[in-house]
Structure formats: structure tokens, C-alpha cells
Amino acid sequence: MNEAVAIAYRGGVLTAASLMVGERHCAEAAELARRLPGLRVGLHLVLLEGRPVLPAGDLSDLVDRSGHFRRDIVHTALDLFLRPRARRQVAAEIAAQFDAFRKTGLRIDHVNAHKHFHLHPAVAAVILAMAARYGASVLRIPIEPARIVAAVDGTGGGLERLVAAPWAHLLKARARRAGLRSPDQVFGLSWSGAMDERRLSGLLARLPEGITEIYMHPATAGGFEGAAPGYRYGDELAALTAPGTRAALVASGVRSGGFADVMAPPPAASA
């Protein structure tokens, strides 16, 4: 995946990436990003399925016997609602991941979370309380316009979009009150792991007004640790580097970049 990010940035339309600070190849990814100064990098908080930054013994309510975060999103979500100890552990791990990102020396462009778990109210509360302290001012809010998805693919979108929608609108309001900005719309939920050239070019030809985030999962090969079954990593990399995608981006007339490039800074606080 690190290699694919470099390829898609140097020879394609990729402008930003999100770093998973607890994974084995984080240091390699951070060093690579430092050699690509125009690539914007944000924090991809991981509280499910991946490796924690804190010792597993400090996160007994969040990890399984292997020391990895649990895969059962429903069980974890319920524990965060019902168990204060689990919420304290999540807050400590989120702070540790922000700290780990800061230690890379990279400027933080945005924050999001694996499986959009920042939609959970307990997780969101911690992020909103900590973000400004670490220089983060943009949070992904996964609101995906169904009409655009249908226009591109003839479908109404996937289950992930439908489940996320009500929580996303609540989080958008909370983020605004906390002074965090967010894109106006996000594409990637309906076709997670299957954003091929046709779909990506179709989105670029139909972008609505405002700030749009399109997220993808490129890799040079599948079968790596943590790979999602059925994800078409190679097709997503091909979409990012295809001449047709570049042509669609130019034809759209949009300005692309990381959030630092396309979003105006927040207004200064009044004295």
C-alpha cells in the first residue's frame, strides 16, 4: 500500500493519504511521505481490527487474545456505550495515536477512522476534544450523495452508506460546533474496495458544488496482512493512474489537493 501511494501520487491523481500509526510499516510510510512533500497526510485512527499503539495489557476491553483490536464492531460499540472503563481506554489510545503521528514530524492534514468508527459518539467526543491540540482541523464526515452514486452506477449505493448517514449528520453538527471543518460530501462508501476507473471518472464528471473527498484503497498487490477479502486493490491503483482519470479531472475544472490546499483556514477567533 505504501508503494501504491507513491505511484498514485507521482504518476496519478492521488493528493492525500491517511496514516495508520500502529501498523508495522508506519515508519516506512512516514519516511516515504517526507520524500513526497506535496502529498498531504492525515491520521487514520484505528480502533478495530488493527494494532494498537499502547500495550495490549492497557486495553483489555478493546483487544482480543492476539493483542489486536477486536473485529466485532457491534460488540466494541456496545461496550463503549455501556462501560466507562472501555471509554477511558479508547481515549488513551486515541491520544497515543495522535502523539505517534506528531512524532513523525508530518503536518496533519485531516483525521478519519478505520471503518468510520469515529461516527460512534464516544469516539467522536474524544476526537473533537483533542483535535485542536494536535493541529487537526478537518474531520472526514462520510456523507455520500445517493443521487451521484446512482447517476454513475445505476444503483442507490451500498449498505455502509445507509448505516452511516444518520450518525454522519449528527457528527457534522458536533464537529461544526467544535470548530472542525469537513468536506461537503465523501465518495467511497458504496464502492469501498471497488472504485475502478469507470466509477472514479464518472464521479469526477458529476462532482457537486463544494469540497469533495473521494477515498480509495490502492495497493500494488493483494494478500498482505490486513487485506480485506474481495477488495480490488490493483483496480483502484489502476484507476488513480489511468490517463482517462487524469483527463476526467482536467475536464471537471476542479482544484485538487489535500484539505490544506482546498479549504480556507477557519476564521480567526474574535478578541
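The single residue among Ala165, Ala228 that is within 18 Å of the chain's Cα centre (by Cα), free of Cβ contacts under 8 Å to residues at least 24 places away in the same chain, surrounded by fewer than 19 Cβ atoms within 10 Å (Cβ to Cβ) and more than 23 Å from Arg40 (Cα to Cα) turns out to be Ala165.
Inspect all residues belonging to segment 63-83 and state whether any of them is surrounded by fewer than 16 Cβ atoms within 10 Å (Cβ to Cβ), over 20 Å from the mean Cα position of the chain (by Cα) and among the acidic types (Asp, Glu). There is at least one residue in segment 63-83 that is surrounded by fewer than 16 Cβ atoms within 10 Å (Cβ to Cβ), over 20 Å from the mean Cα position of the chain (by Cα) and among the acidic types (Asp, Glu). Take the conditions (1) within 22 Å of Asp72 (Cα to Cα); (2) assigned to a helix (DSSP H, G or I); (3) modelled with pLDDT of 95 or more; Lys115 misses just one of them, which is (3). If you go through segment 99-112 and keep only what is closer than 16 Å to Ala131 by Cβ and assigned to a loop (DSSP other than H, G, I, E, B), you end up with Leu106, Arg107. Against the numbered list (1) modelled with pLDDT of 95 or more; (2) crowded, with 16+ Cβ neighbours inside 10 Å; (3) of a type outside the set (D, E, K, R), Ala205 comes up short only at (2).
Going through (1) at positive phi; (2) at pLDDT 95 or above one by one, Arg140 falls short only on (1). Right, Val5: in contact with a Ser or Thr (Cβ under 7 Å, 6 or more places away or on another chain), surrounded by 16 or more Cβ atoms within 10 Å (Cβ to Cβ) and under 30 Å from Gly253 (Cα atoms) or not? No; evaluated as a whole, the condition is false for this residue. Checking Val186 against (1) modelled with pLDDT of 95 or more; (2) out of contact with any strand residue (DSSP E or B) (no Cβ under 7 Å at 6 or more places or on another chain); (3) of a type in the set (A, V, I, L, M, F, W, C), which single condition isn't satisfied? Of (1) modelled with pLDDT of 95 or more; (2) out of contact with any strand residue (DSSP E or B) (no Cβ under 7 Å at 6 or more places or on another chain); (3) of a type in the set (A, V, I, L, M, F, W, C), only one is false for Val186: (2). Could you pull out the residue among Gly156, Gly105 that is in contact with a helix residue (DSSP H, G or I) (Cβ under 9 Å, 6 or more places away or on another chain) and modelled with pLDDT under 95? None of the other options fit; the residue is Gly156.
The values are calculated or read from the model by the stated rules, or taken from the named source; none is laboratory data. Small disclaimer: the values here were computed from a predicted structure and weren't measured. Glycine gets a Cβ as well: all are built from the backbone with ideal geometry, and neighbour counts include every protein chain shown.
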